[in-house]
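Single-structure report; data block below.
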Amino acid sequence: MVVLSKPALEQFSPIKTCKPSSTTFFSNIPVIDLSKPDCKTQLVKACEEFGFFKVVNHDVPMEFMNSLESEAIRFFSLSQSEKDKAGPPDPYGYGNRRIGPNGDVGWVEYLLLKSILSQNSFDSFKEIPNFSCSSSVNDYVSAVRQLACDVLEELADGLKMKQRNVFSKLLKDEESDSVFRLNHYPPCPELQALSGRDLIGFGEHTDPQIISVLRSNNATGLQISLKDGTWVSVPPDQNSFFIIVGDSMQVMTNGRFRSVRHRVLANSRKSRVSMIYFGAPPPRARIAPIESLMKEGEETLYKEFTWSEYKKSAYMSRLADNRLGHFQKQ
Ligand code: GA4
């Protein structure tokens, strides 16, 4: 996807577009300062209202972000044939335009990596040809996993749960099924020719996992859907992280936290590079509404399932599907 000629866009069939959405930036996005003692209350509020927020004053060293970004740019600048040696994703590896196994496409290329947490807390990844799974990935993923766990522990506190580690222990488990993704959205100069429509980089979806931690370079594109269904653009911030509540968290909180629909639109001028850690439970973990979080007489909205059952069902779905629908009661 290095040369972006008009034929390249024409070959991209079907070209997925959407009605031009409002370019108004989401100005009231919750920005949570993790160093403030009252952050737990704000975190809970943000998860209820948006299922999405930005965190600042995190402990992830800037050099981890920068060196992984450079490594990603180096990989995505290789020739198409070199990159293809790292694919197709099964589901891990290099993918170009095709997302998942069921016909979804987007103006994106990516690397999907499986995170393996071994006894000494050092991560390693499935070998990917041409992608040096060097210390930059390991350092970065270890640091963002820690960030995800810190946020989850503050959330457990904010929800007044007896054990702070109810959620974080799932990510820290040696068998945690967490995934890591590097996305590259090449600029699409032909965008103007799309008769005023927007080109879909990564189509709308919710994340199946517990929590996702996203960081991108300073390029626009990410949008989230508000409760009323309006799409709003998230101003990029390369020094901060965006946290996305996933389906499993929505279930564990019996719908109190919102698994947010989000998508990425292609940009006509600037290349967007994002890195996302998807914090997941171990395959055998049971995902169900947590009783202590429910009010007296409150009914459970979801049937319980194991993470491996949910993942299997997710991989049979299309990106935009309401995957929790199958697990909703009635
Ligand atoms: C969305 C969140 C993560 O990127 C991902 C995606 C996965 C994939 O790209 O292989 C899925 C998608 C995601 C949800 C439904 C299925 C699976 C593509 C798809 C159509 C890695 C994940 O875990 O679920």
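What to note about this one:
- Only listed residue being within 16 Å of the ligand (Cβ to nearest atom) and out of contact with any helix residue (DSSP H, G or I) (no Cβ under 9 Å at 6 or more places or on another chain), chosen from V144, V179: V179
- Residue match in segment 165-188 (condition: farther than 30 Å from P289 by Cβ, out of contact with any Cys (no Cβ under 9 Å at 6 or more places or on another chain) and surrounded by fewer than 20 Cβ atoms within 10 Å (Cβ to Cβ)): yes
- Hey, D173 among the acidic types (D, E) and over 12 Å from the mean Cα position of the chain (by Cα) or not: yes
- None of E82, E109 is touching a helix residue (DSSP H, G or I) at 6+ places or on another chain (Cβ under 8 Å) and either closer than 17 Å to F202 by Cβ or away from the ligand (no atom under 11 Å from the Cβ) (or both) except E109.
- Scan of segment 225-248 for residues that are of a type in the set (A, V, I, L, M, F, W, C) and farther than 23 Å from K40 by Cα, ordered by number: W231, V232
- Any chance L152 is more than 17 Å from the chain's Cα centre (by Cα) and within 20 Å of Q250 (Cβ to Cβ): no
- Index of the failed condition, E296 passing every other in (1) free of Cβ contacts under 8 Å to residues at least 12 places away in the same chain; (2) touching a Ser or Thr at 6+ places or on another chain (Cβ under 8 Å): (2)
- Matching residues, segment 44-69, being farther than 17 Å from M249 by Cβ and touching a residue at least 60 places away in the same chain (Cβ under 8 Å): K54, V56, H58, D59, V60, P61, M62, F64, M65, S67, L68, E69
- Residues located in segment 25-43, provided they are more than 29 Å from V251 (Cβ to Cβ) and touching a Ser or Thr at 6+ places or on another chain (Cβ under 7 Å): F25
- Qualifying residue in segment 75-96 (condition: outside any strand (DSSP E or B), under 16 Å from R272 (Cα atoms) and at pLDDT below 95): yes
- No other residue among S268, S248 is of a type in the set (S, T, Y) and under 29 Å from G196 (Cα atoms) apart from S268.
- Residue match in segment 97-104 (condition: over 18 Å from A266 (Cβ atoms) and of a type in the set (D, E)): no
The values are calculated or read from the model by the stated rules, or taken from the named source; none is laboratory data. Everything numeric in this text was worked out from a predicted model, so none of it was measured. FYI the Cβ positions are ideal-geometry reconstructions off the backbone, even for glycines, and counts take in every protein chain you see.
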